Every structure is written in C-alpha cells, then in structure tokens.
1. Place a +1 charge on the Cβ of each Lys and Arg in the stretch 2-217 and a -1 charge on the Cβ of each Asp and Glu, then give the dipole magnitude about the Cα centre in debye, rounded to the nearest 20.
2. Given 25 °C and 0.890 mPa s, how large is the Stokes-Einstein diffusion coefficient of the stretch 106-196 in µm²/s, with Rh as the Kirkwood radius over Cα pairs?
3. Taking 0.36 nm per residue of separation and subtracting the Cα-Cα distance, what length does fully extending M65 through T139 add?
4. Residue separation times 0.36 nm, minus the C-alpha to C-alpha distance between S161 and V37: what's the value?
5. Return the sequence-ordered ³J(HN,Hα) values of the stretch 130-137 in whole Hz as given by the Karplus equation 6.51 cos²θ - 1.76 cosθ + 1.60 applied to θ = phi - 60°, using x for Gly and Pro.
6. Where does the chain land at 222 nm, in deg cm²/dmol rounded to the nearest 500, when only DSSP H runs of n ≥ 4 count, each adding -39500 (n - 2.57), divided by all residues?
7. Tell me, rounded to the nearest percent, the portion of alpha carbon pairs in the stretch 32-116 spaced more than 19 Å apart.
8. Of the options L178, P196, Y17, report the single residue whose Cα projects farthest towards the positive end of the charge dipole of the stretch 2-217 (beta-carbon charges: Lys, Arg +1; Asp, Glu -1).
Amino acid sequence: MFSEAHGGTPIRDGLIYVHDPMCSWCWAFRPSLEQLVSRLPDNLKLYSMVGGLAPDTTDPMPEAMRRHLSGIWRVIEREVPGTRFNHDFWKACTPRRSTFPACRAVIAARNQGESWDRSMTLGIQKAYYLEARNPSDDTVLIDVAGSVGLDVERFCTDFHSERTRKVLEREIDLSRSLGVSGFPGVLLRNQGRNHPIAVDYNCPGRMISRIQAVLQEA
C-alpha cells in the first residue's frame, strides 16, 4: 500500500501528515505544523497527503451545516489563540460541502515539486479563511495557483487530469487504512510501524517529545 501512495512515491519511514486544505482545524494547526517541521531530525522525511473531507457537489451547503461550520470557526478562535477567520465568507459566498477540488489542486501543485504542496495549501487556506473566497470553485483554485507562482497552464492540465483523481483516491484510501478518521492527522512511521502522534494546537513541543521518544525506543 505504501508504495502506491503519494502519486506513486514510496512512503518509507518518516512523519506522515494527513490534512484537507479546507479543514478549519488544519488551518488552526498550521503554526504548530511549521514549528514541528522546523524541529524534525534532518533524516526524518515529511510526507504530506490529502485525506479528502467532502466529495464534489454543486449543491449549496444546507443552512444547518453553515451554522455548524461557522460555529466551529468561533470555537477554534477561542481554543487556538491567534487563529483568524474572515466570517464574511458566509455572506459573500455560496458555500458548498465540496473539498475534493481543493485536494486535487494540492496534488496538481505537488506535481511541480514537493515544496509546492505546502505553498498551494497555504494559498488555499488564505483565500478561504482570510479573503472570504470559495476554494470549492475551480476559478479560485486556478487563481491561487497563479498567485503562489505555479506554472498555471501545467497546473490546469494536471488539476483536471484523471491521474490526479486517481492519486486523490489512493491518498484517501491510505489515510483510512492508517486509521486517520479526522484531520489533521499525524503519524510517525518508524521501522515499518505506525505511531499516532497526538495533535497539539498550542504546544508543538509535546509532539516533538513524543516523536523523539518513539525514535529513541527503536
């Protein structure tokens, strides 16, 4: 299974990060993730993959779900100090419960180099959470690709390709096989064994300590 994931790149020992670019808790986790990545041992590779929250749809989000998700944003603002949301999104856009396009956009960006995965993810998050734009719309995703510096023509080709759809399917299947049921999900794969790392939104040092403990035990 691991050799089939991540666009065909074998996933060996390393830190696995499973997310969705339209997951509000992943947005809240971003500062901790940056600290975590900066403090990883040099020989520990980071594998980022998208788990896919919600499939493609053109249907507007039901009002009850809008209230639920907008409420989660306010919960996050209280529980993870410093996390900001532009609540105008709920008035300025027609929300859809559709995150697969944003996931495919991250995969398409990754085709131009692994570093583009994080750049595109951040671009999508800023458009969604700070600029009140809708990343369920292809036009927004294409605009973000250009704004972060991607080759837009190549991005569009990859974004709409069947290969990208297949990669998303594989990453969703892999995240489920790893037992990731919510995002963000972090696991340390070491000597062929998977060790869940509890996500800490406010104290990434605890995650580093857990990773170091697992590596020392091995």
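1. 480 debye
2. 170 µm²/s
3. Extending this stretch completely gives an extra 24.3 nm.
4. 41.6 nm
5. 10, 9, 6, 10, 9, x, 6, 8
6. After summing the helix terms and dividing by residue count, I get -15000 deg cm²/dmol.
7. 60 percent
8. P196
Coordinate-derived values only; no laboratory data. If you're wondering where the values come from, they're calculated on a predicted model, not measured in any experiment. Cβ sites come from the backbone with ideal geometry, for glycine too, and all protein chains shown count toward neighbours.
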